[in-house]
Amino acid sequence: MTLVLVERDGAVGVVLLNRPDQLNALSDGLMDELVTALRELDGDEAVRSIVLGGSERAFAAGADIGELARSSAIELYNARRVERWDAIRKLRTPLVAAVSGYCLGGGCELALSCDLVVASETARFGQPETGLGIIPGAGGTQLLTRAVGKALAMDVILSGRQLTAREALAAGLVARVVAREAWLEEAKRVAREIASKGPVATRLAKESVDRAFEVSLSAGLEVERRALYLAFASEDAKEGLQAFVEKRKPDFKGR
Ligand code: COA
């Protein structure tokens, strides 16, 4: 059975985790397939945004605990497992997480590695690792803290508290909360909207926002300004501005 299902919906790539019996626990094999599928879509110029989802019951209930229990520290270190989450954060194509149900541990870190999260009202976000005697190791302590602030991140990581979709929305972890049955359709709709914008500008904007978490304000503003001039030099910018003046829809080429 393939652990990741890949579909194309026009300019949107849709990738669904497919280990339903294990609540999409993120095994080594699944993460391998996931990164391979995402990299392939990322390299396809016709793909302008990607939806990453699980099932209605679970986005992902974390790293595969059975695998972790069988591994030694040195095996984990040598296998560089957690670097797969970094690989996902480095993709250039905007990634929309479609989260329904459990979004725990490495699953929550996977959602945090996407550019924005669309959550069903059933979604539950948590980092239960300390209950297993380990800690979030795929970015959770850093990405969750940046997303929701220290107070709530400490609560979630130290006490094992799960956030509802509404709490996650209020805290800044989630961008939109949607009805139970709309979790995937709504994420695809958001991804289609992203895909309809200027592709060069979209990538530059994503890079600029990401820089806000890496550098000082003045350095970030400098990155933004250069990205603006680069966007301005694109054919897409000419087309987008001209289309507005001519009261028509732009036809972006991604150049
Ligand atoms: N790794 C491996 N298998 C997992 C898993 C994980 N992270 N999460 C769930 N599963 C498996 C269960 O072992 C079970 O398999 P089985 O049917 O062969 O026994 C199956 O998925 C269904 O899970 P179950 O626990 O029966 O469902 P539930 O509705 O009672 O509980 C959770 C759901 C999410 C609360 C519970 O599965 C859980 O706590 N999972 C672990 C969450 C976690 O600690 N993640 C961090 C990992 S670092």
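The values are calculated or read from the model by the stated rules, or taken from the named source; none is laboratory data. These numbers were taken from a predicted model, which means no experiment stands behind them. With ideal geometry, Cβ positions are generated from the backbone for all residues, glycine too; neighbour counts draw on all protein chains shown. All accessible areas refer to the heavy atoms of the entire protein, side chains included, with ligands and DNA or RNA removed. Shrake-Rupley method; radii C 1.70, N 1.55, O 1.52, S 1.80 Å.
Summary of computed values
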item: Pairwise label distance in nanometres, ASN78 with ASP251, each label 7 Å out on the Cα-Cβ vector; result: 5.7 nm
item: Whole-number percent relative contact order across the chain, with pairs defined as alpha carbons under 8 Å at least 6 apart; result: 16 percent
item: Loop sites in the stretch 149-234: GluC sites (Glu not before Pro), DSSP, at most 15 other Cβ within 10 Å; result: GLU214
item: For the stretch 157-255, alpha-carbon Rg over 2.2 N^0.38 Å; result: 1.42
item: Nearest 10 degrees, 0 to 90: helix 217-232 Cα axis against the chain principal axis; result: 50 degrees
item: Amide hydrogen neighbours beyond the local backbone of ARG19, cut-off 5 Å, H modeled; result: ASN24
item: Cα gyration tensor category, rounded, prolate or oblate, for the stretch 1-92 with a/c compared to 1.5; result: oblate
item: Solvent-accessible heavy-atom area per residue, rounded to whole Å², over the chain at 1.4 Å; result: 52 Å²
item: Note, ³J(HN,Hα) from phi for the stretch 14-31, Karplus 6.51, -1.76, 1.60, rounded to Hz, x at Gly and Pro; result: 10, 10, 10, 5, 9, 10, x, 5, 10, 6, 6, 3, 8, 6, 4, x, 5, 5
item: Computed [θ] at 222 nm, helices only, for the chain once each DSSP H run of length n ≥ 4 contributes -39500 (n - 2.57); result: -13500 deg cm²/dmol
item: In the stretch 155-255, chymotrypsin sites (Phe, Trp or Tyr not before Pro) in a DSSP loop with at most 15 other beta-carbon atoms within 10 Å; result: PHE213
item: Length added when fully stretched, GLU222-ARG39, from 0.36 nm per residue minus Cα-Cα; result: 63.0 nm
item: Angle in degrees between helix 235-245 and the longest Cα principal axis of the chain, rounded to the nearest 10; result: 70 degrees
item: Carbon + sulfur, % of accessible area of the chain - ligands and nucleic acids excluded, 1.4 Å; result: 55 percent
item: Degrees separating the helix 199-211 axis from the principal Cα axis of the chain, which is the longest one; result: 50 degrees
item: Stretch gain in nm, segment ASP210-ASP155, where the contour uses 0.36 nm per residue and the Cα spacing is subtracted; result: 17.3 nm
item: Overall form of the chain per C-alpha gyration tensor (a/c, 1.5; a/b vs b/c); result: prolate
item: Other-chain or far-sequence residues with amide H under 5 Å of TYR102's (modelled H); result: ALA58, PHE59, ARG124
item: When each of LYS206/LYS253; LYS206/LYS238; LYS90/LYS238; LYS90/LYS249 is checked by Cα-Cα distance, pairs over 23 Å; result: LYS90/LYS238; LYS90/LYS249
item: Chain lengthening between GLU7 and ARG92 when straightened (0.36 nm per residue, less Cα-Cα); result: 28.7 nm
item: GNM top mover of LEU52, LEU184, LEU230 - the chain, alpha-carbon springs below 10 Å; result: LEU230
